[in-house]
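*Asks:* I have a structure I would like to understand better, so I am pasting it below and will then ask my questions one at a time.
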Amino acid sequence: MKPLYDSLTRRVGLAAILLCVPLLLGAERPKGLGDVQDVRTWSYPDYTRVVVELTRSVDLAEDALVRLAANQGAGRPERLYVDVPGIWVGRQYVDGLPVGDGLLEGVRIGQNTRYASRIVIDLQRYGHHRMFTLRSPDRVVIDIYGDRRPDKEPGASHSSSAKRLSMASRPIRKVVIDPGHGGRDPGAIGVGGVREKDINLRLSKLLARRLRARSFEVVLTREDDRYVDLEERTVIAESAGGDLFVSIHANAARNKSLRGIEVYYLDAGHRRHNLDVAARENGVPRGQLDDLQTTLSRLRVAEASHHSKTLADTVHHDLIHGLSQTYSSVPDLGVKQGPFYVLFMSSMPSILVETGFLTHRKESKLLRSERYLDTVAAQIAAGIGHYRTRNRQITAEAAASRKARTEAR
């Protein structure tokens, strides 16, 4: 897949520009501080993401990111900055990270005080931003939104109602399929040593074939047994211009009698089992999900959740109904909400499908069957097809309503 920009993904290990005052240049490093492990940027169609990976967790309020006006006299562009406590940069970082994608000029990191480093983002254009922190690994994520086109005002941004309209009415053409886990991350290990990553990939390829037969464009986040981190999965989805995001997984439980199918969409609401699943799929201890719940509240995911819930309901209905025609007594565990990193880092309607329990002897055997997996793929594809039909109806009704209002004037 050709990247949106030639430099879509830039990775620099331990790269930053020294911003500190001369007195700090020779300062001895205090004990107990963390380091900057990596700095990465990705250019999406509507925003640029900056990720600063650290060797320790930090707690930053969203309003800690400050916007400064340009200083023409000093030759400084408009910029954002945030001070990160407990992180040491020192004087070893001599190069900044150039971006130049129409929104960002570049990223700089340096020692602001002996006990805090400062991240500075030099802007070319700007609409709005968001910032949050993640764990495993610990990192600061900053998204800068805006219109890259030079004919637009730098501060121009779409209204919330315009965003809702575009998400509700845009045509559904391209589906991004995300086969969970892969490479060094096997996912759940089931009966007989079956690995979740293998089941996910086989099912995803079958789903891709079924969707293409329905005239969808399809992009897979991985097409072989390789490790793809959660950020890169959303990079692939966003840069491909996906309209829907479907993450494929297989379930596991300590209770070997537990079986069934469940479909998740992003929301801050949860139950205990949902958090167990989310912790396993996110690769973090369950206790750390509390931080993610707080993040979700700050991001106000209700509007995206509405579309994702509709997609989840539609796919779930077709999946359960279709499987029951061929395979009797398929347990229906329902549509659920869950705080999944891979979902909330995506800007499109997104769902995560748990296709069965590898720890249940009968379901593990079914999930190893090509015939069963193809049936599952056919029903997920049918659900996505029905969601597209519903979307077209909404678009047609909205167009008719606008036409009627225009003619009435």
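*Asks:* Ranked from highest to lowest mean number of other Cβ atoms within 10 Å per residue, what is the order of the peptides 128-137, 110-119?
*Replies:* 110-119, 128-137
*Asks:* What FRET efficiency do you get for ASP95 and ASN255 if R0 is 56 Å and r is their Cβ-Cβ distance, rounded to the nearest 0.05?
*Replies:* The pair ASP95/ASN255 has a calculated efficiency of 0.60.
*Asks:* Here is a follow-up. Specify whether the C-alpha gyration tensor of segment 181-273 places it in the rounded, prolate or oblate class, a ≥ b ≥ c being the square roots of the eigenvalues: rounded for a/c under 1.5, otherwise prolate if a/b is larger than b/c and oblate if not. Spell out each step's value before the answer.
*Replies:* Details: a/c = 1.63, a/b = 1.40, b/c = 1.16.
Verdict is prolate for segment 181-273.
*Asks:* Next up: Taking only the Cα atoms of segment 188-230, how large is their convex hull per residue, in Å³?
*Replies:* On the way: hull volume 3.5 nm³, N = 43.
Cα-based convex hull of segment 188-230, divided per residue, equals 81 Å³.
*Asks:* Relative to a virtual label point 7 Å from the Cα of SER369 in the Cα→beta-carbon direction, which members of segment 252-266 show backbone nitrogen distances below 16 Å?
*Replies:* Answer for segment 252-266: 260-261.
*Asks:* May I ask you to derive the FRET efficiency for ARG212 and SER57 from their Cβ-Cβ distance with R0 = 45 Å, giving the value to the nearest 0.05? Each step should come with its number before you reach the end.
*Replies:* Working: r = 42 Å, r/R0 = 0.94.
So, using R0 = 45 Å, E works out to roughly 0.60.
*Asks:* Right, here's the next one. Could you sort 209-222, 323-336, 378-391 so that the peptide with the highest average Cβ count within 10 Å comes first and the rest follow in order? Intermediate values should be presented prior to the final figure.
*Replies:* On the way: 209-222: 17.4, 323-336: 14.6, 378-391: 21.1.
Averaged packing, sorted descending, gives the order 378-391, 209-222, 323-336.
*Asks:* Give me the number: length gained by fully extending GLN72 to ILE394, i.e. 0.36 nm times residue separation minus the C-alpha to C-alpha distance, one decimal in nm. Don't skip to the answer; put the middle values down first.
*Replies:* Working: separation 322, 0.36 × 322 = 115.92 nm, distance 4.81 nm.
Answer, rounded to one decimal: 111.1 nm.
*Asks:* Still on this structure: Considering the dipole of segment 33-145 built from charges on the beta carbon (Lys and Arg +1, Asp and Glu -1) around the Cα centre, which of TYR81, VAL52, GLN124 is farthest to its positive end?
*Replies:* Final value for the positive-end residue is TYR81.
*Asks:* On to the next question. VAL176: net charge of surrounding residues, Cβ under 13 Å, Lys/Arg +1, Asp/Glu -1, itself excluded? Could the numbers behind the result be given before it?
*Replies:* Values: positive: ARG173, LYS174, ARG222, ARG233; negative: ASP178, GLU217, GLU223, GLU232, GLU238, ASP243.
Here the count lands on -2.
*Asks:* Can I ask one more? Name the long-range amide H neighbours of ASP138: under 5 Å, sequence gap of 5 or more, or other chain; modelled H, no Pro or chain starts.
*Replies:* It is LEU54, by chain and number.
*Asks:* Okay, moving on. Under a point spin-label approximation (7 Å from Cα along Cα-to-Cβ), what is the ARG173-ARG361 distance to one decimal in nm?
*Replies:* Label-label distance for ARG173 and ARG361, simple model: 5.1 nm.
*Asks:* Of LYS205/LYS256; LYS205/LYS362; LYS174/LYS309; LYS197/LYS365; LYS256/LYS309, which pairs sit farther than 20 Å apart, going by alpha carbon to alpha carbon?
*Replies:* Details: LYS205/LYS256 28 Å; LYS205/LYS362 23 Å; LYS174/LYS309 18 Å; LYS197/LYS365 15 Å; LYS256/LYS309 29 Å.
Long pairs (Cα-Cα over 20 Å): LYS205/LYS256; LYS205/LYS362; LYS256/LYS309.
Each reported figure results from applying straightforward, stated rules to the coordinates on display, with no laboratory input. Treat the numbers as computed from the prediction; the structure is a model and nothing was measured. Methodologically, a virtual Cβ is constructed for each residue, glycine included, from the backbone with ideal geometry; neighbour enumeration extends over all protein chains shown.
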